[in-house]
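Only the coordinates and a few stated rules stand behind these numbers; no lab work does. Everything numeric here is computed off the predicted structure, so don't read it as measured data. With ideal geometry, Cβ positions are generated from the backbone for all residues, glycine too; neighbour counts draw on all protein chains shown.
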Amino acid sequence: MKRDAAKVLSLAALCCALLSAGLARAAALAQAPTSPNSQAADQAGQLEAQQMVPARAALTQDIDSKKVEAGAQIRVTLKGTTHLKNGPELRSGTILIGTVTNDDMQIPGQAKLALRFTQAQTRDGKTVPVKATIVGVFGPQGTNDEGYDVAAGDQAPNDWKPETIAMDQKGVLSGIDLHSRIASSNSGVLVSTSKSEVKIPRGTELTLAIAAQQNGEQAVRGGN
């Protein structure tokens with residue numbers, strides 16, 4: 001009996017030791033400082049976010065990750081007037097021009113679609129270099145609760161604030177997640193962890209954080 005009791009006490013002591021070690025490790029990880037690269041990216045994102053304003057846009061074409069390659073051009077149409085802090089006014093109907101690019105965040109998934117919007121083409125033909133980050137994605141919506149048609153760009157308010165510099169949103173479309181960072185060169189990455197392709201239908205609404213950008217700034221960011 002004494003031997004059995006000793007075994008029980010030894011086992012209990014071992015369990016306590018393992019639990020304590022696990023808690024200590026978790027606490028250490030929680031308190032561990034972020035890497036210099038991560039800190040620098042956060043600081044850059046915070047500075048950039050202060051110059052950005054919310055906008056809404058409608059996708060004017062279907063996109064299928066299996067049918068587009070890096071460099072393919074993507075266009076969305078701004079809905080409503082956007083007053084840039086450090087650039088001109090972008091009126092409703094302005095075209096944002098972007099490209100399919102490579103995922104610079106290395107997000108895991110079975111299929112990915114990375115987009116980068118870098119130009120705004122105004123209705124009078126002017127081109128404005130921009131930095132745009134996708135902060136939300138909303139699939140096409142037929143009618144509202146009152147039965148009226150709902151156009152892309154009028155589906156959801158854009159309540160993005162400069163304090164938000166990273167977006168990780170699950171299920172923005174069926175089987176598709178959104179990942180974006182203000183500090184990233186890309187506007188965002190759409191990822192499927194369960195499907196072999198990422199399909200974004202025409203009429204999808206993108207909510208954005210956007211700012212005008214100098215050509216030199218774009219050249220620096222164009223390396224990814």
Checklist entry - In the structure shown, do any of Lys66/Lys170; Lys66/Lys126; Lys112/Lys161; Lys66/Lys131 have a Cα-Cα gap over 28 Å, and if so which? => result Lys66/Lys126
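When the chain is fully extended, how far beyond the present Cα-Cα distance does Lys67 get from Asn102, taking 0.36 nm per residue of separation? Show your work: numbers first, answer last.
Details: separation 35, 0.36 × 35 = 12.60 nm, distance 1.48 nm.
So the extension gain works out to 11.1 nm.
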Checklist entry - Taking amide H positions as placed 1.01 Å from N in the peptide plane, with prolines and chain starts having none, which residues 5 or more places from Val135, or on another chain, fall under 5 Å of its amide H? => result Thr207, Leu208, Ala209
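Within 10 Å of each residue's Cβ, count the other Cβ atoms and sort Thr127, Thr60 from fewest upward. List each step's numbers first, then the result.
Details: Thr127 11, Thr60 14.
Listing Thr127, Thr60 from fewest to most nearby Cβ atoms yields Thr127, Thr60.
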Item to check | At R0 = 30 Å, FRET efficiency that the Cβ-Cβ distance of Thr77 and Asp159 yields, to 0.05 | outcome: 0.90
Next on the checklist: Sorting check: for 179-186, 46-53, 168-175, 129-136, which peptide has the highest mean count of neighbouring beta carbons within 10 Å, and how do the rest follow?
Outcome noted: 129-136, 179-186, 46-53, 168-175
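Just check segment 42-221 against the gyration tensor rule for me: Cα atoms, a ≥ b ≥ c as the square roots of the eigenvalues, rounded for a/c under 1.5, and otherwise prolate or oblate depending on whether a/b exceeds b/c.
Details: a/c = 1.43, a/b = 1.10, b/c = 1.30.
Judged from the Cα gyration tensor, segment 42-221 comes out rounded (a/c under 1.5).
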